[in-house]
Every structure is written in C-alpha cells, then in structure tokens.
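So the structure is just underneath, and the comments pick up after that.
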Amino acid sequence: MAIAVVIVLFLAGCKKKSDDTPIPDTGHIAFKFTHLVDGVPLHQDTFCYVNAAGNHFEIDQLMYFISDVKLHKSDGSIQLIDDWKDIDYVDVNIPSTLMWDVFDPIPIGTYDSISFTFGISEAKNKSFMFVNPPEVNMMWPDVLGGGYHYMMMNGKWIDTLSIPQPFNFHLGIGQLYKHNVIEIDSIYAFVQNYFFVKLPSSAFTIEKDKTRQIEIIMNIDSWFKTPHIYDHNYWGGAIMQNQPAMQIVKENGFDVFTTGLIQ
Amino acid sequence: MRYLHLLTVLFTVPFFSVTSAQGIKDTTIHLSPVEIHDSIVKDKPFLIKTIRNEEIQKGAVRDIGDYLRSIPNVSGVRKGGAGIDPVVRGFKFSQLSVNVGGGLKVENGCPNRMDPVTSHVEAEDIESIEVLKGPFALKYGPSFGGIINLRTENPHPFEKFEVHANAMYGFETNWNGQKEHLSVLGRNYGNYTSGKIEGKDTTFNTSFRKHNYTAKIGFSPTKNQSIIVSYDEIHGRDVLYPALPMDEKSDDTRMMSVDYHLRHMPGKLKTLDIKIYQSDVNHNMDNSLRATWATKQMVSIVNAVNTGGRAEFGMQFSKFLITTGLDVENIYKDGTRTMTMQMMGTTSTKRSNLWKAANIQNAGFFGECKTTFSSIELLGAIRVDFNNADSKDTLKVISGGISYFDKTNSKFTNFSASAGITKKFSKKMKLSLALGRGTRSPNMLERFIKLMAVGYDNYDYLGNPQLKPETNYEADLTLTYSGSKTGSAYINGFYSNVHDYIYSTMLPSTLIKPQTAGVLGVKQFVNVDYVTFMGFEFGYTSPADLKFGGSTIGSFTYGRIPEVTKYLITGTQVTGETIIKDDALSEIPPFESTLNVFYKMVKGKLVPQLSIRAVADQHHVSQAFYEQDTPGFGLINFTVKYTVNKNMKVTAGINNILDKAYYEHLNRKIIGSTGNLYEPGRSFFVNLFLNI
C-alpha cells in the first residue's frame, strides 16, 4: 500500500508548471547629472567663483538626494519611478552616481515634463534607512530631526578679513528653538525643508526597447541668488541648526535645476 | 520502586568523573568499542553511514561539522574556525534533520547559522554518528534531504559498585588548539594559518573558546526498563567568523532530556521508547572585534527554545516488523538587534526585532513496516505532520495590494511517504531501490527573519510568513557487494526533484531597505516551481582482518534550477535583471574522492594510515548568485593509532602534510571582500585517551 502511495505521489511530483504573461511595450530612461557654476562645469577646490553677494568661493564636495521622480504626460497621467529605487544619491566625487540607469520599464509614448523632490519626503526620510556608504554618510542627527541630509555642499569662502573660511551649505530637517536659544533642549518643532522641482523644457518620448538619456543640470550659482541673495558672511559656515538660513536655501532651490541634453 | 537501581552517575567535577553502580542481577559485559569501516549499506534500501567514536578519535576533531565532511557526499559551509554547517547531497540547513541523543532537537540561535546543531554537541560526547541520506527514514521527525543522528554516550549498567573514569587530552599545532576532556570539556583554539598563499602565510581570524558539562543519571526499575536523565551545557566565547558580519560573543546552550526504554516485551509489542526534552540556546553576537565597531555597533541577542518529545512503539506481527509512534516539538524564538551609529558627534540607536516571540509547533505521526519475502526485503513508511506557526511581529510590508510580510499565522498538513525494495541476488550481492516523498515546513528563518544577511549572496533577507512547504521527491538506486575475502563495495545513484523549492527574490529598495552594511538590497524567501538534484557515490572497503588494507570513496552532486532571475549589479547597486535558464544551484560541492591505506603492526596495536583526498574543480556554479569557480586540490593526511593497553590509547597525525593552500567550494568569502576563507595549513596533532 505504502509503495503504491509513494509511486503515485512520486509521479504526481513530476508535473511542470508554466506561466505566460504578456509584456507591455516599454523603453528605459537614464538620468545624467551635470553640475555647472555660471554655465561652466564645476571645478572643485579652487577659488574661481564669485556669488551674487560678492563672496569668492570654492566648492570641495557636493552630495545630494533627489527622490520620487515623476514623468508627466499631457493627459495628466503620471509615471512614478519607484519600482526598485525612489531615492537617488548624487555625489560629484563618485562618478558612478552621476548616471542613474533607471530600473523601471517606462511605457512608450510622449511625456511632457519631469518633476522630482529635492531631498527626501518626511514619510520616507527615516534614520537607519541607509546603512551603507556613501548614503549613510548623509545621516542627519536624530536630535536635529533625524533622517538624512538632503544636500551637503562643502567649500570655502573668503570672509571680510580676506581669510578663507569653510562653509557647510547643508540642507535637511530644520529645527525651531524656544527664544532662539540654539540648544538641543530648546527645540520645540521640526521643519521639513525638502521641496518639489519641475524641470523646465523636459518633454521627451520613450520608444520601445530604447533608452532615453536625460541630462539634469544643477546650476550651483542659483543656490545663492534667486529670489534671495545668500551671503556667506552673513549666515556663516554652518547652517544645520539655522532654519532661517535653510529656508532661504530651500526657496532659492526652485530654479537650481534645468534640463540639459535629451538623447 | 523495588527494582530501582542506580546505573551510572557522571559527576561533572574538574578532571575526574566517577561512575558508580549498585547491584543489578543481570550481568552486563562491556565490549571494547568496535571500529566499523564504511558499513554503508545495512538492511535498509537507502544509504546509511554509521561512524563510531573510535573512528572519530583517530583525527583532530575540532568540530563535528568538520568531521562530517569526510563522509561521501557530505560537505559543510565554513564561515569561521568552528560551526561548520553540514550539507548532504546539496541539501542543507533545515533540509536536514539533525537529532541529538535519539531525538532531542536544537533550534539554532544565530540567524547566520554560526551555531548549527552540530556545534552544540562535542565530539568527545559522541558514541556514534549516523547519516541517513534521502527522505526515506520518517521516524526521526520530518525528513527532507537527510538525517544526521548524533548519538551521545549513555550510562552503562554495572554488576557491582565500580568507579570509572575516562579522560582525553589533545593538542594541535597551527591553531595552537588544545582540548581536555574528562567529564568537563574545554577547548581553546587560536587563529589558524592556511598553506602559503602566493608564498606567504596567511592567518585567519578563526579563534574560539568552548567548554561544556555533561551529566547523565540512569535508573533501571526492572531488568527490561531503563530511565536516563541527561543534562548538558555547552558554552562558546569569542568565536570568530571572518565570513560573517558579526562574531559570536557568547553562546550558552542547555539541553535536558528524560528517556524511557522498554525492551523484551512478550506479545506483539516488543519495544517502547519515550523521550521528552528541552533545549535552550542563548546566542549573543556583535561586531566588537571589527574595525566597524568605532562608527557602527551591531549587537544581536537571540533566545531559541525547543521543547518536545517522542514515543516509538516497536511491534511484530508474524513476518512484519512495525514501528509506529508520534513526535511533537514546539520551537520558540525571540531576538533583537541593536544598531548604534556615531555621526557628527552624535549617537543614534535603533533597536529592532529579528524574531518577535515566534512559535512553530509540529506534531507528527509515523509508521514504518518492514518484511521479507524470500530474497526480497520490503520497507514502507508514512508520516503525517501538522505544522502551525505564528509570531507576534508587528511589521507590515504591503505595497500595491500585495502583502509581503503581514499575516504571520500559517498551518500546514504535510504528508510524507517512502517505499523501498531490496533484492538479494546472492549472499554477496543485492540491489536496492528507494522512492520517497519528504515534505518540510518552512523554518523560523524562512518564515520570520527580518533583515539579516543570512544567505550565500550579499543581501539582507526578509522572511515570508506565507511560504509553502517544500517537497522532495527522490529515488535512490544502490548496488552492494560484500564478501569476506574481497571486501565490500557499493555504488549509489540518486535523483531528486524538489517542488516549491524555497529560494529568494529581490524586493525593491522602495519597498524595504537593508539594515546590514555592505549588502546590495533585500531579498525575500519565496517558493519557486522546482529544482533538481542528482548524483552518485561509491565506496570500497577491504576486509577488516587484512594486515594491509584500505578503503576508497567518491561522490558527486549536481543541482540545477530551470529558470532564475539574475540581478545585474553596477558598482554597489542593482541596476537590472535578466532571466537565466538552467542555472546551477549554489553551494553544491564538486566531485571528490578519498583513498585510505593502513597497515596493522604489533598485533594490530599500532596502525598507521595514509589518506589521500582529491577534489575536482567546481565550474558548475550559480550565475544568479555570482558564485565563483573554485580550483581543485589534493591533500595528504597521516594518522597513527597506538593502543598501549585496554586503558590507554594514543592517536597522532599530520593534516595537510604538503601545507597546501586550499579552500573548499562551500567556504564562504571573507566578509566585505571577494577573498576566500582558506582551510588550515599543515598541522600536527596528538590525542591521549585514558579509560579506567
């Protein structure tokens, strides 16, 4: 009896299953990140720039996150890039991060524009979300709101005494302090400083099985001039605990990004 | 309790153990342990390998998992100096059932399997090891790919009061390892050095310290009944695992059991065996001995308790020998991970669950029937398991209407069966065929683990509470020849088709992000359609009474998955995927063969033995797992055993005489690199055994 049972079960075990699912027509998209100052590619570690406030400055490091990239169609539909990755890290010192080959298959068709979040939304910006370098190095202290920096732009400027001073032009979760006493115990609220960016002139088409490469340009000089003139001599070198300064950075961010080559 | 007699008491006192006895009417004669060379095929239609402690004592056994690798088609996953995890015919982890002392089960504490069950038992406590291949033996619990029975020494009855002691001292160069065994065992091994790699000695961080205590008390209420109460503790400290992200800071394991045996019953019921047990593992691991500790501290603490029992009835109805019974086990597991990161002068700490009061209950009923018709032996077995799992997890991973980790309760009824036939063509030759279906439910790790790098590949893993059981359909064919003058030989082939094979698939980082530094992302356990294993093994052993003799073994396993997703990696990120057809399964050992030659001198008291092991290249590797080819190697080992008298014995030898730099295919890579974890280079060892 047991032998018969085993043989029946054994034979039953040799079935093979199959699954045929139709695959929609899609292409792919890739983003190339370029960084310009006054329309010229960034040169690091040299005092060759002057901002709108007249500060002579240099950029040494630039790291930032963009997230929740959306591709907009004229009919109002939106293709959100989030199949495998919804937060992208860019670091001018790590060439591999200057190109994002998006994993998501993108339905073929014409898209009107691209938008994204600069930084990380409140819902997603959680401590210990990243545990590996380089992203982990963007950690924002828990006592200051936690999560991760949206941007770290580190460099130097020549102060009013003609002495080079370091600046950490950092953007992340801001804090409100009781009686403007900048101490951890005085914090009574946090401010989300991420913002939305809509890339101008970013219409494109996706063709079947082809990859569309879109250049996203960060115009670094724009962080310092519109709509507010940002003066390092006024705000100083560290702004992580200076919400008014970060508010200006946030508001200046609206036109920092432009669209480059689409190919 | 008129017939209650004290059989044996082992006191766990330093450097001495005492055995005492009071009068028992029956005389029991204790024979010296007998060496059994490759007694592969017994009266079962599938392969069973039994090794007695005499055989184990020949070598420098630091770890049972290490020793098991000398058995055909048994290999092991090495991640450090100890805790080698056995692999039988490509089946591993919970696909193998490992029983201690006739049915005690241990749930390992470490999610990375630093502490497989074999690491919770000391070789010096072993009376014999039994390896049963395939899903055919169903009375030891759910059986899937094989069973490893670690039979520990039990108290023996004595006619009158007697005092006995046994002792062992061993030392091994290279590791500077030493072990002492009386009733207290202590082991202290340093880092080992491989053979010269590119002309240089390379030392690996593989040191470990272990000690254990064992106590057993036996009673004999009547002459055909016995009760044995056992208590065992084993403690590990600073056990280093260079292939894992953390080291074992401490591991404290307790095993307790009560056994009742009834023999020589008149009537249909011949024997009765009952066992109840509990094992309790407290495992603590961290990265305090790593460079990363300065900026990121990881500490994991896990408690795993397995409580259960079994009852087995042996009956005879005419020509039919029937074994039936039931077994139950309840596994409880709870563990936390604490991560502390230092950043910009501040400290952030996160505490999360690895398991949260997770439970698995399994109750099984089994029956086995054996009979003989003329030259044909038949064996049939069936087993039904009722499996229930639950957890107090609060994690929910739900996206797009799909639940990845939410509902934690699952219930399964698993049916397993096997049948075998042995045809004796003559007194010397027989042919056996075994067919079996073995089903196992997913284990604690596969169901409930949360974000630990526990696999072969570089990903954090997430459990899947809704996994289905996997089922192994296997066929074994074995031809055996045994002659008193010619020796014994066998050849075996097997084919296995595993349905609902538990594999893994990557989850998008938008869904869940890893928690382990250096990993590429998160994978979740899933069932895939099927995979296949096939292979063969052979062996020959010369007659035991020859002065000059030897043995040879060889084995090969091939595993494939018909279709699998390979994740494309650019830098440290997954950037795409592609489908691979007919890929190899990962961690399948290559073909290997071993030749042993011995010569008995001084009336058999002095026996030198030379062993040559040849292992082939492994090129059949998993593309999906980015598994690397491994080169073949050859090893020469030498041992000598000298029996001074009935109370004293010395074994000594040289392992890896040529100081070959080599690594097994299943050895994991050094964490955070593609560097290989080599095996130890040349080492000398000596063991002294006293038995009074």
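The values are calculated or read from the model by the stated rules, or taken from the named source; none is laboratory data. Source: prediction; values computed, not measured. Virtual Cβ from ideal backbone geometry, glycine too; neighbours counted across all protein chains shown. What goes into the accessible areas is simple: the full protein's heavy atoms, side chains included, and nothing from ligands, DNA or RNA. Shrake-Rupley method; radii C 1.70, N 1.55, O 1.52, S 1.80 Å.
Pairs, please: C-beta under 9 Å, at least 6 apart or cross-chain, first residue within 18 Å of B:T575 (Cα to Cα) and in segment A:95-116, second open to solvent by less than 40 Å² (accessible area, probe 1.4 Å) and among the acidic types (D, E)?
A:T97/A:D88; A:T97/A:D91; A:L98/A:D91; A:W100/A:D88; A:V102/A:D88
Please go through segment A:222-246 and give me each residue that is in a helix (DSSP H, G or I) and open to solvent by 20 Å² or more (accessible area, probe 1.4 Å), ordered by number.
Quick first cut of segment A:222-246, residues in a helix (DSSP H, G or I) only: A:222-224, A:232-235, A:243-246.
If the condition is that a residue be in a helix (DSSP H, G or I) and open to solvent by 20 Å² or more (accessible area, probe 1.4 Å), then A:N233, A:Y234, A:W235, A:P244 are the ones that fit.
Any idea which of B:G554, B:G487, B:G518 is touching a residue at least 40 places away in the same chain (Cβ under 8 Å), more than 14 Å from chain A (Cβ to nearest Cβ) and at positive phi? Reasoning before the result, please.
Working: B:G554 fails: at positive phi; B:G518 fails: more than 14 Å from chain A (Cβ to nearest Cβ).
Sole residue among the options that is touching a residue at least 40 places away in the same chain (Cβ under 8 Å), more than 14 Å from chain A (Cβ to nearest Cβ) and at positive phi: B:G487.
Does segment B:397-444 hold any residues that are more than 14 Å from chain A (Cβ to nearest Cβ), within 20 Å of B:F366 (Cβ to Cβ) and either over 25 Å from the mean Cα position of the chain (by Cα) or open to solvent by less than 10 Å² (accessible area, probe 1.4 Å) (or both), and which are they?
If the condition is that a residue be more than 14 Å from chain A (Cβ to nearest Cβ), within 20 Å of B:F366 (Cβ to Cβ) and either over 25 Å from the mean Cα position of the chain (by Cα) or open to solvent by less than 10 Å² (accessible area, probe 1.4 Å) (or both), then B:K411, B:F412, B:T413 are the ones that fit.
Residues checked against (1) surrounded by 19 or more Cβ atoms within 10 Å (Cβ to Cβ); (2) modelled with pLDDT under 95; (3) touching a strand residue (DSSP E or B) at 6+ places or on another chain (Cβ under 7 Å); (4) part of a strand (DSSP E or B):
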| site | (1), (2), (3), (4) |
| --- | --- |
| B:T575 | no, yes, yes, yes |
| B:T578 | no, yes, yes, yes |
| B:S593 | no, no, yes, yes |
| B:K603 | no, yes, no, no |
| B:R613 | no, no, yes, yes |
| B:H620 | no, no, yes, no |
| B:G634 | no, no, yes, yes |
| B:T651 | yes, yes, yes, yes |
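Given the conditions (1) within 14 Å of another protein chain (Cβ to nearest Cβ); (2) more than 15 Å from the chain's Cα centre (by Cα), report the number of the one that A:H56 does not fulfil.
(1)
Please work out which one of (1) buried (at least 19 other Cβ atoms within 10 Å of the Cβ); (2) under 17 Å from the mean Cα position of the chain (by Cα); (3) at pLDDT below 90 is the condition A:V131 fails and give its number.
It fails just one condition, (2).
If you take the residues in segment B:374-389 that are within 13 Å of chain A (Cβ to nearest Cβ) and over 30 Å from B:P442 (Cβ atoms), which one is surrounded by the most Cβ atoms within 10 Å (Cβ to Cβ)?
Quick first cut of segment B:374-389, residues within 13 Å of chain A (Cβ to nearest Cβ) only: B:376-384.
Cutting the leftovers down to over 30 Å from B:P442 (Cβ atoms) gives us B:376-378.
Numbers: B:I376: 12, B:E377: 19, B:L378: 17.
Checking each candidate, the answer is B:E377.
Condition (residue is open to solvent by 10 Å² or more (accessible area, probe 1.4 Å), over 19 Å from B:L435 (Cβ atoms) and part of a loop (DSSP other than H, G, I, E, B)) applied to segment B:491-505: is it met by at least one residue?
no
Specify which of the listed residues (B:I228, B:I234, B:I276) is modelled with pLDDT of 95 or more, out of contact with any Leu (no Cβ under 7 Å at 6 or more places or on another chain) and aliphatic (A, V, I, L, M).
Numbers: B:I228 fails: modelled with pLDDT of 95 or more; B:I234 fails: modelled with pLDDT of 95 or more.
The unique qualifying residue is B:I276.
Sort through B:D334, B:D393 and tell me the only one that's out of contact with any His (no Cβ under 7 Å at 6 or more places or on another chain), in a loop (DSSP other than H, G, I, E, B) and more than 14 Å from chain A (Cβ to nearest Cβ). Even if it seems obvious, please write down each step before you answer.
Details: B:D334 fails: in a loop (DSSP other than H, G, I, E, B).
None of the other options fit; the residue is B:D393.
Which of the following residues is out of contact with any Asp or Glu (no Cβ under 8 Å at 6 or more places or on another chain), of a type in the set (S, T, Y) and open to solvent by 20 Å² or more (accessible area, probe 1.4 Å): B:T510, B:T486, B:T480?
On the way: B:T510 fails: out of contact with any Asp or Glu (no Cβ under 8 Å at 6 or more places or on another chain); B:T480 fails: open to solvent by 20 Å² or more (accessible area, probe 1.4 Å).
None of the others qualify; the one that does is B:T486.
Determine the pairs where a residue that is farther than 20 Å from B:Y277 by Cβ, located within segment B:307-320, has a partner that is at pLDDT below 90 and open to solvent by 80 Å² or more (accessible area, probe 1.4 Å) with Cβ atoms under 6 Å apart, the partner being 6 or more residues away or on another chain.
That search, which allows pairs on different chains as well, returns B:M315/B:K268.
Would you check if there is a residue in segment B:224-240 being in contact with a Gly (Cβ under 7 Å, 6 or more places away or on another chain) and within 27 Å of B:W293 (Cβ to Cβ)?
yes
Looking only at residues in segment B:524-534 that are touching a Gly at 6+ places or on another chain (Cβ under 9 Å) and open to solvent by 10 Å² or more (accessible area, probe 1.4 Å), which one is nearest to the other protein chains (Cβ to nearest Cβ)?
In the first step, residues of segment B:524-534 are kept if they are touching a Gly at 6+ places or on another chain (Cβ under 9 Å); the result is B:524-525, B:530-534.
Within this subset, residues satisfying the condition of being open to solvent by 10 Å² or more (accessible area, probe 1.4 Å) are B:525, B:530, B:534.
Working: B:F525: 19, B:Y530: 7, B:M534: 14 Å.
The qualifying residue nearest to the other protein chains (Cβ to nearest Cβ) is B:Y530.
Considering only residues that are within 14 Å of chain A (Cβ to nearest Cβ) and part of a strand (DSSP E or B), which ones fall in segment B:445-475?
Step one: filter segment B:445-475 for residues within 14 Å of chain A (Cβ to nearest Cβ), giving B:450-453, B:458-460, B:468-475.
Of everything in segment B:445-475, those that are within 14 Å of chain A (Cβ to nearest Cβ) and part of a strand (DSSP E or B) turn out to be B:K450, B:L451, B:M452, B:D460, B:E470, B:T471, B:N472, B:Y473, B:E474, B:A475.
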